[in-house]
1. Which ³J(HN,Hα) values, rounded to whole Hz and listed in residue order, are derived for the range 31-47 from phi using the Karplus coefficients 6.51, -1.76 and 1.60 in 6.51 cos²θ - 1.76 cosθ + 1.60 with θ = phi - 60°, glycine and proline given as x?
2. Taking 7 Å along the Cα-to-C-beta vector as the label spot, tell me the ASP236-LYS74 distance in nanometres, rounded to one decimal.
3. Lys/Arg Cβ at +1, Asp/Glu Cβ at -1, dipole of the chain taken about the Cα centre: which of LEU114, VAL45, LEU176 is farthest positive-ward?
4. For the pair LYS32 and TRP51, how long in nm is the line joining their label points, each one 7 Å along Cα→Cβ?
5. Run the dipole for the chain about the Cα centre, Lys and Arg Cβ at +1, Asp and Glu Cβ at -1, nothing else charged, and hand back the magnitude in debye, nearest 20.
6. Which of the pairs LYS204/LYS225; LYS225/LYS254; LYS74/LYS183; LYS70/LYS183 have their Cα atoms more than 19 Å apart in this structure?
7. With the crude spin-label approximation of a point 7 Å out along Cα→Cβ, what separation in nm comes out for LYS141 versus GLN223?
8. Give me ARG217, ARG123 ranked fewest to most by other Cβ atoms within 10 Å of their Cβ, as a rough exposure proxy.
Amino acid sequence: MQLMARVRNYLFTIAGILFAGMGIKGFLLTNKLIDGGVTGTSMLVSRITNWPVSILIFVINVPFLFLGYKQLGKAFALRSAFAIACLSLCLEYLNFPEVTHDKSLASVFGGIFLGTGVGLALRGDVVLDGTEIVALSISKKLPLLKVSDVILLSNLIIFSTAVFFLGIEPALYSILTYLSASKMVEFILNGIEQFSGLTVISAKGDKIRIAITNRGRGVTVYQGKGGYGKDGHINDPRDIVYTVATRLEIPSIKREVLEIDPSAFIVQHRVEDITGGLVKKKSKHRH
């Protein structure tokens, strides 16, 4: 089982390197566009200094890999260093076709290929861009800043610099590249079955629980009391039903809940990661 997991991780990493190489060399470099993060910084420095982007991607990532060694362990840092080194060699020695010179197409599809590569590499338990490592480190030292805030600030600096050195139009296309790459990474990691959490507070919680479990979904039931009342007193006890479902199922679950109790209070939120529990539907076998 462990061997299969390692093979799968290697395949994800190899595919990620090839997709990222295609995005960088086949779309972005030929159209003088950049991405965000360390990859974008490497491409920008390459444009300014004429140093090979293949070397810069590895050199600029080294400090972040050292942070990864401190924060996430030796094995992760070594795997990521090897993957980034392979990406550098890929950019240096592999020939990728120049697909288009239309900057709109290049920015979107370059971002899609690059984002797919980064996402596949993350599924292979490595990083091809050390931005998130340094963002994690900074957020731990400065609790007021979240990882997403640090990434956003770093990219604002990169694209502001790009406006100065590349011009407004290439910088705007580069922002489009970053946005499409980010969305693609999110899609690769979360997939079409992106999960949402649903909390339902209702006096008819037991009926709602049965309706959800009949769909093959697991639920957790809490006991709560209504805290709103004109006289300031706590209202009658009621069930709080919590479940996790795909975003495609959520609308129909909400409709069914409201049919049972039109006054039910429903809170929906996005779920980033799930471990354990009944998340996948139980298959119904016919005997």
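1. Taking θ as phi minus 60°, the curve returns 10, 6, 10, 10, 10, x, x, 5, 4, x, 4, 4, 5, 5, 4, 4, 5 Hz for the range 31-47.
2. 6.3 nm
3. Checked the options; the winner is LEU114.
4. A separation of 2.1 nm, rounded to one decimal place.
5. In total the dipole reaches around 900 debye.
6. LYS225/LYS254; LYS74/LYS183; LYS70/LYS183
7. 4.9 nm
8. In order of increasing Cβ crowding within 10 Å: ARG123, ARG217.
Every number in this text was worked out from the coordinates using simple rules, so none of it is lab data. Since the structure is predicted, the reported quantities are computational estimates derived from the model, not experimental observations. Counting neighbours? That spans all protein chains shown, and the Cβs are built from the backbone with ideal geometry, glycine included.
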